[in-house]
Structures are given as structure tokens and as C-alpha cells.
Amino acid sequence: MEQQFDCLVIGAGMAGAVAARELAERGGKKVLVLERRDHVGGNAYDCFDKAGVLIHKYGPHIFHTNNKRVFDYLSRFTPWRNYQHQVVANIPAEEGRLELPVPFNLISLRAAFPPEQAAALEEKLLAAYGPERKVTILELREHADPSIRALADYVYEHVFVRYTMKQWGQKPEDIDPATTARVPVFLSEDCRYFQDEYQGMPLEGYTPMFQRLLDHPDITVETGVDALSRMELAAGGVLLDGAPFAGTVIYTGAADELFGCKYGRLPYRTLDFVFESHPVDWWQSHGTVNYTVDEDYTRITEFKYLTGQELPGKTTIMKEYSRSYTGADGEIPYYAIINEANNALYARYREEAAAYPQLRLLGRLAEYKYYNMDAIAARALELCDELLK
Ligand code: FAD
Ligand code: UDP
């Protein structure tokens, strides 16, 4: 085996697929990719359901980036559909329900408050921060002006606190501030969820993009294979199928699993996805609707908005329920729970990995970070820059 392959890549998600491509194409390496699931693409995998709707099996994925290198790189493997994601918070109102754009912006403000009050608040906010500014909810709640603080409390109550409790089991002030900062209050009329320069969806879906990334004569992909059943770490070296393997090993799985969780499991949140197909053209008003005040699920995504698929009379939606990850069979660790204690536990595994110079940890799981796809692609390109120097 060590003569057949120069590099071993574990996991065929964004991290593994980009790294494998780079090592093979730019580095001239023979690469073996082992993937535990029966498909490539990691959490960005998409497929057609029984109703013929293109769905995202592991949660809605919208590509967005300001990184031109990443955008140009992925554009080699897919054309794009221009899609600017929009999200609303769906909340109970005096009569029926109200939908407010998220991130909470000037349009949300005008929908939530009577005109005179909204105008006065808008004036104050713009004077305090300036137009087109993004302010985190935690920052806004600290503002000196009581009327701005009261607005912040409204947004906290109607957009953040219950959604965050559902998603994390904790209040916004008790989780990593970078998490709620992803969805700031936006002093703008721009109702898009992301403002990145490049955004969209792979025109034919993510899976064909990943298949093209991995389609190279020097890349061998084996799916349905748990690499940890084939690979062993021993005395500073790597054994593959029982024989010493001298090449680079890029590991994109969970850092604790690599070492048998010997220091304890890294905490994660997992998700249960409930898919429903309905005999209608459209189910809801936007690609994603967040239930920020009631319901047990956090959000509903209707895929046809994202993919642009034309399929009259049929649609598929997905509800997301978040809970603690236990490590049970079939459960997927989706969200690292970033805090001091967990980072310290992660650091112990990272240190353990450092004893194997040929081993590199890459990706959302292996690095125990809350990375978007573009950040992972960038990390993979940078790691390969370093390895191929
Ligand atoms: P993964 O996609 O998790 O891939 C890792 C792969 O390694 C998996 O396929 C896994 O099966 C495999 N693996 C693990 N252990 C082993 C093993 N022992 N042997 C073999 N294979 C193994 N990002 C965005 O940019 N936009 C979005 O809209 C967006 N939405 C998201 C929504 C949800 C619900 C979630 C959870 C994430 C979202 N993300 C989004 C983040 C995105 O999923 C990640 O950035 C990206 O998938 C990370 O790629 P990765 O390769 O690091 O990890
Ligand atoms: N959030 C919230 N209400 C919303 C949207 C987001 O409270 O309507 C908070 C919540 O804590 C969430 C975080 O902001 O986990 C980040 O949201 P994002 O949509 O970026 O999460 P992801 O798509 O990664 O699950």
C-alpha cells in the first residue's frame, strides 16, 4: 500500500476533496481517499428524494465567500446559479403571524413597530452607528441609550433567545459570541442573509461538484470505509492495512475519534432532520424560515428556493431539531460547542496528533471549529500550499 499511494486523505467533504485534488493535480501525488459514508461531499452532499426534489441531506448549504481564490478554484468544478439567500423570522403576532427579515434590519424594524416609533428608532440607530453597519445583538444590548437598549431587548426576545436555546441549549450570552455575531443587527435595507461578494449554488448541485473535484487519474476514492478500521497510529508512525505508511495523512474526521476518545468525547450538537414532501408549488415565503419564538424545530428550509429546481405541484421542506450529540451509532457531530473547557480538551487531542509529523488535521471536525465551506476550502488550499512548497 505504501508504494501504491503517496498520500492518504480521510473524509471526502470539502476539506478532503479540495486537499486530495490539490495533492494529485498540483503535487503529482497518488492519493487514496477513504470516506465512511456511502457518498462524497460530506455535509454538503445533496441528492434527489422520492418526490424528485433535490435536497440537502445534512442541512441547507448555501455557498458564499469573499475569498476570490476559493471562488475561482471551485468554479473550475461547477457553474453557479446566482442565489441570494433570504431568511425570515416567523413569530406569533396579535393577528396571525409576522415575518421579519433576518438578520434583523431596517425593514424588520419597520415591520415590527408602528411607523413613528420605527422612524425614531431608525434615526437613533443610524446616528449611533452609521448606515450599513452591522452590530451584534450582545453589543446592541449594552448601548447607553435606553430606547436603543429596549429595541435590542425586543430583537433578543423575538429573534435570538429562544432560537439559541433550541439550537444550543444555552442563552446567547452564554455561548461563543462569534456564533451570534454571524447574524448581526444590520442597519440596512438589504434583506439578504449574507453580503459576501460571491454567493450562489452549484448549478447542478453540490454532489456533481465534489465528484468532479475527485475525478482525477491519481485519486482513488473508497466510500463506505471507516479509515479508523484500516489505519493505526503507532509509535509516531502510521500503519495502513497493517503496513507502515510513510506519506502524508490528512485527517478530516473528529479529533477525539482518532484517539479512541481517550480524554473523553468532544462536545457537539447534532441535528435531526425531518423531511416532508407536499403537493404544492411552494410551501413557505422564503428559502429558510426561522421559528424564533415557538415550535420545537429551529427552522424550515424549502429546497426549491435554493436550487432553483422547477417542479410544479411538488415541493420538499426540512425541519431541523437540535440536541446534544451522544456519539451513538449513526449520529453526526454537526456543531462544535466552542468554549474554554472544550477548546482545552481539543488542545489535548491536537497535542497528541502533533506526535505524528506526517499527520495533518483539517476541517470543521478535525479542527473543532465553526467553519463555513469557503473557510474550509481556503484552509485546504493553504495546507496544500505548505505541503507542496
Ligand atoms: P464534513 O463535511 O463533515 O466532511 C468530513 C467527512 O469525513 C464526512 O464525510 C465524514 O463522513 C468523513 N469521515 C469522518 N471520520 C471518518 C473516518 N474515520 N473514516 C472515513 N471518513 C470519515 N457552510 C456554508 O458555507 N454555507 C452553509 O449554508 C452551511 N450550512 C450548514 C448547515 C448545517 C446544518 C451544517 C451542520 C453546516 C453548514 N455549513 C455551511 C458548514 C459546512 O457543512 C462545513 O463547512 C463543511 O461541510 C466542512 O467540510 P469538512 O470537509 O471539514 O467536513
Ligand atoms: N440565531 C438566532 N436566531 C436566528 C438566527 C440565528 O438566535 O434567527 C443565532 C443562533 O444562536 C445561531 C447563530 O445565531 O446558532 C448563528 O446562526 P446561523 O444562521 O449562522 O447558523 P447556522 O446556519 O450555521 O446553523
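The values are calculated or read from the model by the stated rules, or taken from the named source; none is laboratory data. Computed from a predicted structure; not experimentally measured. Cβ sites come from the backbone with ideal geometry, for glycine too, and all protein chains shown count toward neighbours. Only protein heavy atoms, including side chains, enter the accessible area calculation; ligands, DNA and RNA are left aside. Shrake-Rupley method; radii C 1.70, N 1.55, O 1.52, S 1.80 Å.
For LYS124, which aspartates and glutamates qualify as cross-link partners when the Cα separation must be under 13 Å and same-chain residues fewer than eight apart are set aside?
GLU116, ASP145
Among ARG97, ARG149, ARG162, which one shows the highest mean-square fluctuation when the chain is modelled as a Gaussian network with alpha-carbon springs under 10 Å?
ARG97
Could you rank the peptides 298-311, 13-26 by their average count of other C-beta atoms within 10 Å per residue, with the highest value first? Mind dumping the intermediate values first?
Details: 298-311: 19.5, 13-26: 26.4.
Answer by packing, highest mean first, reads 13-26, 298-311.
On the protein heavy atoms, probe 1.4 angstrom, tell me the percent of accessible surface of the range 23-66 carried by carbon and sulfur.
50
Can you pull the percent of Cα pairs in the range 182-298 with separation above 19 Å?
Of the Cα pairs, 74 percent sit more than 19 Å apart.
Tell me, what ³J(HN,Hα) does each residue in the range 139-154 have, in order and in whole Hz, if you take phi through Karplus 6.51 cos²θ - 1.76 cosθ + 1.60 with θ = phi - 60° and put x for Gly and Pro?
In residue order, the calculated couplings are 5, 4, 5, 9, 5, 5, 6, x, 6, 5, 5, 5, 4, 4, 5, 4 Hz.
Please state the relative contact order of the range 67-181 as a whole percent: Cα pairs under 8 Å, 6+ residues apart?
Relative contact order of the range 67-181: 15 percent.
If N is the number of residues in the range 205-258, what value comes out of its Cα radius of gyration divided by 2.2 N^0.38 Å?
That ratio works out to 1.36.
Using a Gaussian network model on the chain with a 10 Å cutoff between Cα atoms, which of ALA144, ALA243, ALA353 fluctuates the most?
ALA144
Over the range 116-161, average the accessible area per residue using a 1.4 Å probe and give it in Å², no decimals. Intermediate values should be presented prior to the final figure.
Numbers: 2420 Å² over 46 residues.
With the other protein chains kept in place, the range 116-161 gives 53 Å² per residue.
Based on DSSP H runs of at least 4 residues, each adding -39500 (n - 2.57), what is the mean residue ellipticity at 222 nm of the chain after dividing by all its residues, to the nearest 500 deg cm²/dmol?
Calculated at 222 nm, the ellipticity per residue is -8500 deg cm²/dmol.
Report, in degrees rounded to the nearest 10, the 0 to 90 angle that the Cα long axis of helix 14-25 makes with the longest principal axis of the chain.
That works out to roughly 40 degrees.
For the chain, count the residues as N, evaluate 2.2 N^0.38 Å, and divide the Cα radius of gyration by that value, please.
1.06
Largest first and in whole Å, what are the equivalent-ellipsoid semi-axes of the range 257-336 based on the Cα gyration tensor, each being the root of 5 times an eigenvalue? Walk me through the numbers on the way to the answer.
Working: eigenvalues 215, 39, 19 Å².
Over the Cα atoms of the range 257-336, the semi-axes work out to 33, 14, 10 Å.
Per the 1.4 Å probe, what fraction of the accessible area of the range 126-207, in percent, lies on carbon and sulfur atoms?
Working: 1940 of 3720 Å².
On the range 126-207, the fraction of accessible area on carbon and sulfur atoms equals 52 percent.
Using only the Cα atoms of the range 104-156, what are the Rg and Dmax in Å?
10.0, 26
Which of the peptides 323-331, 214-222, 375-383 is most tightly packed, and how do the rest follow, going by the mean number of other Cβ atoms within 10 Å of each residue?
375-383, 214-222, 323-331
To two decimal places, what compactness ratio does the range 325-389 give when its Cα radius of gyration is scaled by 2.2 N^0.38 Å?
1.25
Inverting the mean 1/r over all pairs of different Cα atoms, compute the Kirkwood radius of the range 1-122 and quote it in Å.
One over the average 1/r among Cα pairs gives 18.8 Å for the range 1-122.
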